[in-house]
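Q: Mind having a look at this structure? Questions to follow.
Derivation of every value follows stated rules applied to the coordinates shown; laboratory data play no part. On a predicted model such as this, the values are computed, not experimentally measured, just so you know. Note that we place each Cβ from the backbone using ideal geometry, even for glycine, and neighbour counts take in every protein chain shown.
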Amino acid sequence: MHSLKAITPLGGTCPQIDHFDGLLISENSDRALASIAARQGREAECSAAVQSILGLKLPQPAKWSIGGAYMAWWMGPDLWMVDADHTDHELLAVNVKRAVGSVGSVAEQTDGWCRFDVSGARVLDVFERLCNLNLRAGEAGDAHRASIEHLGCFVLCLEAGAKYAVIGPRSSAGALHHALLTTAQSVI
Amino acid sequence: MIINHPILGPRDAQEFTYLGDAALIDRPDWQADNAAEAFHDYLYLRDNPAGEHRELWFHEQGDRSWLVVTRNTVTHDILNVELARDVARARGRRK
């Protein structure tokens, strides 16, 4: 038997947590991800299948939504990312594919991404230096893609002005984490 | 420069990459009798107008959609922005 040890995107055996005065950056490695692309001409059927089988209403552009154990954010026209707890939904992509059948294309995405949850009173001061999204004008439920440290990252607003999730490419997790830390250090 | 994305609203031009003339949407029929000549023109001949120009832009650091941006090459005014897939479908393309 192999004895393999799971590591987080930053390479640790447990998620990295960084504390600042008024800011908490925590690596979140317990999310399963799968993307859904609705097939051309089958968009309404795809959304209906996800809603009836997974209990999740797929969100409008630049939004995220939640339904039962699942959460989804809009990535592009007729394209969404579905997110769920990894421990309970390790086979998320298989289950989503079963739900949508031939009206959508599903790709396993869990190991393609890293996620950092950024929260605290100074969070907006940090993000205004990190990316050109106008998060101060946003509200909970917004989901944008933006360039952070030259990386295409999703920024989800979980609580307006207080808690955000940054999802970036896993292979650049170290660079993204470095950008978050250096920005936090320069602000705080 | 700000590009007014048809779905996401005004976004900074640094999020986009430029491909070229939107005439690239009209790919010639490879089975036509004059296919070789049509592909030569498609590949090498470009209009270079001083004025309104329709261009393909890619929202690389955003929702990764292709756009047709109508831009005035003299003033850099952006006059219209459409989803390229809507333009292509309106011109009879299936994909």
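Q: Looking at chain B from every direction and averaging, what is the projected area of its Cα convex hull in nm²? Write down the numbers at each step before the final one.
A: Details: hull surface 26.7 nm².
Average projection, Cα convex hull of chain B: 6.7 nm².
Q: For segment B:1-27 and segment A:1-80, write down the distance between their C-alpha centroids in whole Å.
A: 27 Å
Q: Provide the gained length on full extension for the span B:Glu60 to B:Tyr42, in nm with one decimal, where the gain is 0.36 nm per separating residue minus the Cα-Cα distance.
A: Result: 4.0 nm gained on full extension.
Q: Given Cβ point charges of +1 (Lys, Arg) and -1 (Asp, Glu) and nothing else, what value in debye, to the nearest 20, does the dipole of segment B:2-90 about its Cα centre take?
A: So the dipole magnitude of segment B:2-90 works out to roughly 240 debye.
Q: For the pair A:Leu158 and B:Asn80, what calculated FRET efficiency results from E = 1/(1 + (r/R0)^6), where r is the Cβ-Cβ distance and R0 = 30 Å, to the nearest 0.05?
A: 0.25
Q: Taking amide H atoms as placed 1.01 Å from N in the peptide plane, list the residues 5 or more away in sequence, or in a different chain, whose amide H sits under 5 Å from that of A:Gly104.
A: Close amide H contacts, sequence-distant or interchain: A:Arg39.
Q: Considering only the other residues whose Cβ falls under 11 Å of the Cβ of B:Asp63, what net charge follows from Lys and Arg at +1 and Asp and Glu at -1?
A: Computed value for this residue: 0.
Q: Where nothing but the Cβ of Lys and Arg (+1) and of Asp and Glu (-1) is charged, how large is the charge dipole of chain A around its Cα centre, in debye to the nearest 20?
A: 340 debye
Q: Report the normalised scattering of the protein assembly as shown as log10 I(q)/I(0) at q = 0.12, 0.16 Å⁻¹, calculated by the Debye formula with identical scatterers on the alpha carbons.
A: These q points yield log10 I(q)/I(0) values of -0.87, -1.27.
Q: Restricting attention to segment A:1-59, which trypsin sites (Lys or Arg not before Pro) occupy a DSSP loop and are surrounded by at most 11 other Cβ atoms within 10 Å?
A: The qualifying sites are A:Lys5.
Q: Just to confirm the filter: which GluC sites (Glu not before Pro) across segment B:30-90 are DSSP coil and have at most 16 other Cβ within 10 angstrom of their Cβ?
A: Answer by residue number: B:Glu60.
Q: Could I ask something else about it? Can you tell me how much longer the chain between B:Arg93 and B:Thr73 gets when fully stretched, taken as 0.36 nm per residue apart minus their C-alpha distance, in nm with one decimal?
A: So the extension gain works out to 4.5 nm.
Q: Another question, then. Just from its helices, what would the mean residue ellipticity at 222 nm be for chain A, if runs of 4 or more DSSP H residues each count -39500 (n - 2.57) and the sum is divided by every residue, rounded to the nearest 500 deg cm²/dmol?
A: Result for chain A: -6000 deg cm²/dmol, rounded to the nearest 500.
Q: Now a separate question. According to the Kirkwood expression over distinct Cα-Cα pairs, how big is the hydrodynamic radius of segment A:31-110, in Å? Can you show the working numbers first?
A: Values: mean 1/r = 0.0835 Å⁻¹.
Value: 12.0 Å, from the Cα pair sum.
Q: Let me ask you something else. Work out which helices of chain A, taken as complete DSSP H runs, extend at least 18 Å along their axis over the Cα atoms and score a mean Kyte-Doolittle of 0.5 or more, then list them.
A: Helices meeting the span and hydropathy rule in chain A are A:173-187.
Q: I would also like to ask the following. Please list, or write none, the aspartates and glutamates whose alpha carbon is within less than 17 Å of the alpha carbon of A:Lys5, excluding same-chain residues fewer than 8 places away.
A: A:Asp30, A:Glu90, A:Asp111
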